[in-house]
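Reading through the structure tokens given below for one structure.
The values are calculated or read from the model by the stated rules, or taken from the named source; none is laboratory data. All figures in this text were calculated on a predicted structure; none of them were measured in a lab. Cβ coordinates were reconstructed from backbone atoms using ideal geometry, including for glycine residues, and neighbour counts include every protein chain displayed. SASA here: full protein model, heavy atoms, side chains in, ligands and nucleic acids out. Shrake-Rupley method; radii C 1.70, N 1.55, O 1.52, S 1.80 Å.
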Amino acid sequence: RAKLSGPKLLCRLKAEVDVSTVTSDLQPFSSLPWASQLPSKQLTSDLGPFRSCAVVSSAGSLRSSGLGKEIDAHDAVRFNRAPTSGFENDVGSKTTIRLVNSQVMASDAHRFLSSSLYSSGTLVAWDPAPFSADLTQWYNRTDYPIFTQYQRYRMLHPLQPFYILQPRFEWQLWQQIQDNMAEPIQKNPPSSGLLGTVMMMSLCEVVHVYEFLPSRRRTELCHYYQRFYDAACTLGAYHPLLYEKNLVKRMNQGPDRDIYTHGRVTLPGFNRLNC
Ligand code: NCC
């Protein structure tokens with residue numbers, strides 16, 4: 001299997017991966033009593049297009065980066081319980097979209113329903129669904145109780161836009177990682193970081209990703225917001241993170257130097273690609 005060049009890889013992603021979200025008219029949701037809590041339209045038709053976007057990984061190497069100002073010049077996506085308060089100098093303060101996994105939504109420790117951390121911008125949630133499961137199978141067997149938590153959140157915060165990614169998107173992206181690697185990769189969905197990056201490529205003209213590919217500040221510190229050390233946070237265990245990073249490295253259109261100094265990768269939005 002031939003290794004695709006960066007531009008070919010970008011075109012393949014654009015053609016094969018569809019950032020689809022759950023809408024109220026889809027089976028099995030349309031026949032459920034709470035269907036009206038779901039958005040009636042796709043995330044990609046409600047939001048954007050944004051001119052330039054920042055994908056802010058939660059990596060420990062963001063600490064002392066001083067990237068806050070630069071990040072705040074873009075529309076930004078953040079992940080899970082990554083805070084901005086107290087870390088503005090390094091990660092900025094603007095949150096346009098927050099992408100949360102279903103574990104965060106379900107765990108008591110993360111106070112998903114009550115913490116103000118989740119209340120700015122648009123929320124997008126995802127759950128590691130079984131490989132190629134249809135929506136009904138997934139609905140009956142989610143990894144974490146994403147739908148009960150979604151309904152509760154919507155009751156408490158009815159005005160905040162809140163979307164749920166379709167598992168189809170996770171697995172289409174997983175397939176692209178697999179198709180472009182020589183070895184078989186683990187059959188777990190990509191990390192929130194890659195899901196968010198591709199989601200932003202569908203919403204923005206240019207996407208800058210910060211500290212997904214580690215800079216010279218590379219550290220075993222897991223998150224910039226927590227004193228916990230584990231190299232697996234950067235290299236992956238459950239998620240095929242190393243392969244995800246390999247893919248992003250190949251698609252990068254910015255200079256290698258940007259990665260080293262700023263942990264910054266530059267990717268084109270799908271709409272800007274001529275393919
Ligand atoms: O850690 P997490 O990810 O919330 O980080 C968000 C994204 O940033 C990128 N990252 C993070 C740390 C690091 N040192 N290097 C990185 O590149 C990754 O792309 C990552 O996706 C997740 O993907 O949803 C994940 O969530 C956590 C956890 O569920 C939440 O933080 C809530 O506590 C997972 N950790 C565990 O389950 C213990 C993590 O595996 C993936």
## Note on the structure
Mean projected area, convex hull of alpha-carbon positions in the range 104-175, reported to one decimal in nm², is 5.1 nm²
### Task
Provide the gained length on full extension for the span Phe131 to Gln178, in nm with one decimal, where the gain is 0.36 nm per separating residue minus the Cα-Cα distance.
15.6 nm
## Note on the structure
Dividing the surface of the Cα convex hull of the chain by four yields a projected area in nm² of 13.8 nm²
### Message
Need one value: the accessible area of Ser30 in square angstrom, 1.4 angstrom probe, rounded to the nearest 10.
### Response
50 Å²
### Task
Return the carbon/sulfur percentage of the accessible area of the chain, one whole number, probe 1.4 Å, all protein chains in place.
49 percent
### Quarter of Cα convex hull surface for the range 158-209, i.e. mean projection, nm²
5.0 nm²
### Message
At 7 Å along Cα-to-Cβ for each site, give me the label-to-label distance between Thr148 and Lys69 in nm.
### Response
4.9 nm
### Query
Using a simple spin-label model with points 7 Å from Cα along the Cα→Cβ vector, what separation in nm is obtained for Ser45 and Ser116?
3.6 nm
### Query
What is the pair-distance distribution P(r) of the range 1-133, computed from all Cα-Cα distances in 5 Å bins starting at 0, with each bin given as a whole percent?
2, 8, 14, 16, 19, 17, 12, 7, 4, 1, 0
### Message
For the range 60-163, what does the relative contact order come out to in percent, with C-alpha contacts under 8 Å and a separation of six or more?
### Response
24 percent
## Note on the structure
Note to self: with every protein chain in place and a 1.4 Å probe, the range 110-239 gives an accessible area per residue in Å² of 44 Å²
### Query
Nearest 0.05, what FRET efficiency do Phe228 and Asp258 give at R0 = 22 Å with Cβ-Cβ as r?
0.20
#### Entry: log₁₀ of I(q)/I(0) at q = 0.08, 0.10 Å⁻¹ - the range 119-275, Debye sum with one point per alpha carbon
-0.27, -0.43
### Message
List the chymotrypsin sites (Phe, Trp or Tyr not before Pro) within the range 215-275 that DSSP assigns to loop and that have no more than 16 neighbouring Cβ atoms inside 10 Å.
### Response
Phe228, Tyr238
